[in-house]
Amino acid sequence: MQIVIFGAPGAGKGTQAKILSKRFNIPHISTGDILRDSVARATALGNAAKEIIESGELVSDDLMGGLVKETLQNIDFDKGFILDGFPRTVNQAEILLNIFESLKINNPYFIVLEADHEVIVSRLSSRRECSNCRAIVNLHDIEDPKVYPNCEAIDTLMKRKDDDEVVIMNRLKIYDDSTLPILNFYRDKFNIISVDGTDSIDEITNNILFAIEGAA
Ligand code: AMP
């Protein structure tokens, strides 16, 4: 099961990717997570990317293309993977086609999570990341923001710097201007599966699974 999951920031790509990763026992490759981990470890990549990520801008296509190719080469990609956060520009979309061609990845599922900006801004404003277990949570979904039930840590829920409202608006503009045109570019190259990203988490997962079965 080779999957590319696509959608605006906050459309729920990470949440669904984690669920599908467990369900199909395939690695979840999130370019955002890789970058944030590199920032936390202060690697050369992390130091180069830190300010870019915090302002909501995009890291360079060449750097990201190299990172994705290397990551795919280091896993058993024939068995499957779920790629989340790449491509984000038409240039990256071309790079990904070349990577898939060179690795003979012929028929990946390309899933698009659709959600309008209003829903996204509201979701991202109340999104928090646990600094202990790195899980993502929405404040609306837990009783006490001081105690995170997933890992029982206290006072660990942090707002990501790029979930600040001004940065969110910048990220959405970049999505509209640079990322959305990928759909047109891929229209005749992939079987694009669109799913409503505003439903509940379980409904979205079921709709993705249903669509995948239908496309198989
Ligand atoms: P995400 O967690 O996918 O929203 O990514 C967080 C941030 O990492 C983005 O706002 C970008 O700054 C950077 N990033 C992640 N993936 C890419 C990519 N494919 N191309 C460029 N920048 C990226």
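Of note:
- Using θ = phi - 60° and Karplus 6.51 cos²θ - 1.76 cosθ + 1.60, couplings along region 94-108 (whole Hz; Gly, Pro as x): 5, 4, 5, 4, 5, 4, 4, 5, 5, 9, 6, 9, 9, 9, x
- With the whole protein complex present, D176 retains an accessible surface near 60 Å², based on a 1.4 Å probe.
- With every protein chain in place and a 1.4 angstrom probe, the accessible-area ranking of M158, M1, largest first, reads M158, M1.
- Local net charge near I193, Cβ-Cβ under 12 Å (Lys/Arg +1, Asp/Glu -1): -3
- Near R160, the amide H atoms lying under 5 Å from its own belong to E129; only residues 5 or more places off or on other chains count, and H is placed 1.01 Å from N.
- Neighbours of D177, meaning other residues whose beta-carbon lies under 13 angstrom from its beta-carbon, give a summed charge of +1 when Lys and Arg score +1 and Asp and Glu score -1.
- Integer Hz, Karplus 6.51/-1.76/1.60 couplings in order for region 31-48, x for Gly and Pro: 5, x, 5, 4, 5, 5, 5, 5, 5, 4, 8, 6, 6, 4, 4, x, 5, 6
- Remark: relative contact order (the chain) = 29 percent; criterion is Cα-Cα distance under 8 angstrom and separation of 6 or more residues.
- For the set K22, K13, K50, solvent exposure ranked by accessible area (probe 1.4 Å, protein chains only) runs largest to smallest as K22, K50, K13.
- Amide H contacts under 5 Å for Q2: F81, Y109, restricted to partners 5 or more places along the chain or on a different chain, H placed in the peptide plane at 1.01 Å from N.
- In Å², nearest 10: area of D76 left accessible to a 1.4 Å probe: 90 Å²
- Once the C-beta distance of H117 and A42 is scaled by a Förster radius of 35 Å, the resulting FRET efficiency is 0.55 to the nearest 0.05.
- Residue-normalised accessible area of the chain, given per residue in Å² at a 1.4 Å probe: 52 Å²
- Beta bridges from DSSP with both residues in the chain: antiparallel share about 30 percent, rounded to the nearest 5.
- Using θ = phi - 60° and Karplus 6.51 cos²θ - 1.76 cosθ + 1.60, couplings along region 167-172 (whole Hz; Gly, Pro as x): 5, 4, 4, 5, 5, 5
- Less than 5 angstrom separates the built amide H of A135 from those of C130, all sequence-distant by 5 or more or on a different chain.
- Computed with a 1.4 Å probe over protein heavy atoms only, the accessible area of E51 comes to about 150 Å².
- Between region 24-75 and region 99-152, the Cα center-to-center distance that results, in Å: 16 Å
The values are calculated or read from the model by the stated rules, or taken from the named source; none is laboratory data. Just so it is clear, the structure is predicted and the values come from calculations on it, not from any experiment. Backbone-built Cβ (ideal geometry, glycine too); neighbour counts: all protein chains shown. Side chains included, ligands, DNA and RNA excluded: accessible areas come from the protein's heavy atoms. Shrake-Rupley method; radii C 1.70, N 1.55, O 1.52, S 1.80 Å.
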